[in-house]
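A quick write-up on the structure given underneath.
All of the numbers you see were taken from the coordinates with simple rules; none came from a lab. Fair warning: this is a prediction, and the values are worked out from it, not measured in the lab. Cβ placement follows ideal geometry from the backbone for every residue including glycine, while neighbour counts extend to all protein chains displayed.
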Amino acid sequence: MTGSTPHSLLNRFTLCMLFLALCPAVARAQYEITLKLNKENYLTYEGVEASVTVMNRTGADVVLGGPNNTPWLSFDIIDPQTRPVPPMRFRSEENIVFKSGSTITRKIALSDQFTFSDFGNYIVVANVYHPPSQQYIASNRARGGFSASKPFWSKPFGVPLGLAGAGQIRRYELSVLKDFEHTNLYLRLLEDKTNMNLATFSLGSWIHVADPQITLDKENRLNVLFMTQPHIYSHIIINTQGNVVKRLYFKEIEANRPHLVVDPTQNVIVQGGEFFDPTIVVPSRPSGRSIKDRPPGL
């Protein structure tokens, strides 16, 4: 048996390198991965949710799981200074049988593991493990733009006894974030001394025909009343933990606008206008009969 010639070794090396170069492309063809973020524009520290959809185009069932019992789904993030963030891996169901031709979707709260604190553009890529090729396959690149906004209103308060963080001094802040179509009203909850962010989220679209009405009730919960649609006002109550505990809507009737009132028991109520339920569909008025619909003889 003759030994390998230098020419044959070179051919083998070339074929091997070609095979390695083609592996990622082949694997990407096996999985179709789409990544979407829940929106395009955020306030810094706001929660970010990623939706990952994977279609199995391998032509065979795949047992979906990561190598050595690691998660099969991870994310790479590049911050606004183009610095990579340590990869985030999310535990999911083990040993998922991913049927050929089927699609799975996972929604992941990225902000549970990473704080989007800088203003600018973050780039997110999802990675799904492909067991046959033993590699992670990357999705498309999704962009999230983050803006900083100076609060137009703030109020420190103490957390009542019996609640998490009792005795702490915290601070509510309200700010606005404008995009191409809307002006959104935002709530931020902070520790007053350290400025540590505890919660940041949008209260909804704000039409600034009138300024928001803002006050605290006897439990130090924040009450905000603002116009969210023409003639429609939203009353939102946020507790000291940064959770929305109530959201009601009221409709302006002619010049009678809803407004916040503190009653004698220090409860905050809405007076004026009328209660509005956006889930109720008002039936359209029936159209008049046509000549063809008239009873015989008329």
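Computed over neighbours whose Cβ is under 13 Å from that of Asn220, the net charge equals +2, Lys and Arg +1, Asp and Glu -1.
State the percent of C-alpha pairs, over all pairs in region 28-147, separated by a distance greater than 20 angstrom. Mind showing how you got there, number by number?
Details: 2882 of 7140 pairs.
The calculated P(r) of region 28-147 puts 40 percent of pairs beyond 20 Å.
Can you list the chymotrypsin sites (Phe, Trp or Tyr not before Pro) in region 88-174 that are in a DSSP coil and have 15 or fewer other beta carbons within 10 angstrom?
Working: sites: Phe90, Phe98, Phe114, Phe116, Phe119, Tyr122, Tyr129, Tyr136, Phe146, Phe152, Trp153, Phe157, Tyr172; in loops: Phe114, Phe116, Phe119, Phe152.
For chymotrypsin sites (Phe, Trp or Tyr not before Pro) across region 88-174 that sit outside H, G, I, E and B with at most 15 neighbouring Cβ atoms in 10 Å, the list reads Phe119, Phe152.
Quick one: what do you get for region 30-81 if you divide its Cα Rg by 2.2 N^0.38 Å?
Values: Rg = 14.8 Å, N = 52, 2.2 N^0.38 = 9.9 Å.
With N residues counted in region 30-81, Rg over 2.2 N^0.38 Å equals 1.50.
With all pairs of different alpha carbon atoms counted, what Kirkwood hydrodynamic radius in Å does region 73-229 show? Could the numbers behind the result be given before it?
Details: mean 1/r = 0.0524 Å⁻¹.
For region 73-229, the Kirkwood estimate is 19.1 Å.
For region 153-276, the spread of Cα coordinates along the three principal axes comes to 44, 41, 19 Å, biggest extent given first. In a fully extended conformation the segment linking Gln229 and Ala255 would gain 7.8 nm over its present Cα-Cα distance, using 0.36 nm per residue. Are there trypsin sites (Lys or Arg not before Pro) in region 163-248 that DSSP puts in a loop and that have at most 12 other Cβ atoms within 10 Å, and which ones? In loop regions of region 163-248 (DSSP not H, G, I, E or B), the sparsely surrounded trypsin sites (Lys or Arg not before Pro) are Lys193, Lys218. Under 20 Å from a point 7 Å along the Cα-to-Cβ line of Ser117: which residues of region 224-242 have their amide N that close? 242, by backbone N distance to the label point. Cross-link partners of Lys155 among lysines, defined as those whose alpha carbon lies under 22 angstrom from its own and excluding same-chain residues fewer than eight positions apart: Lys193, Lys218, Lys246. Note on Ser154, Ser74: ascending count of other Cβ atoms within 10 Å places them as Ser154, Ser74, the fewest first.
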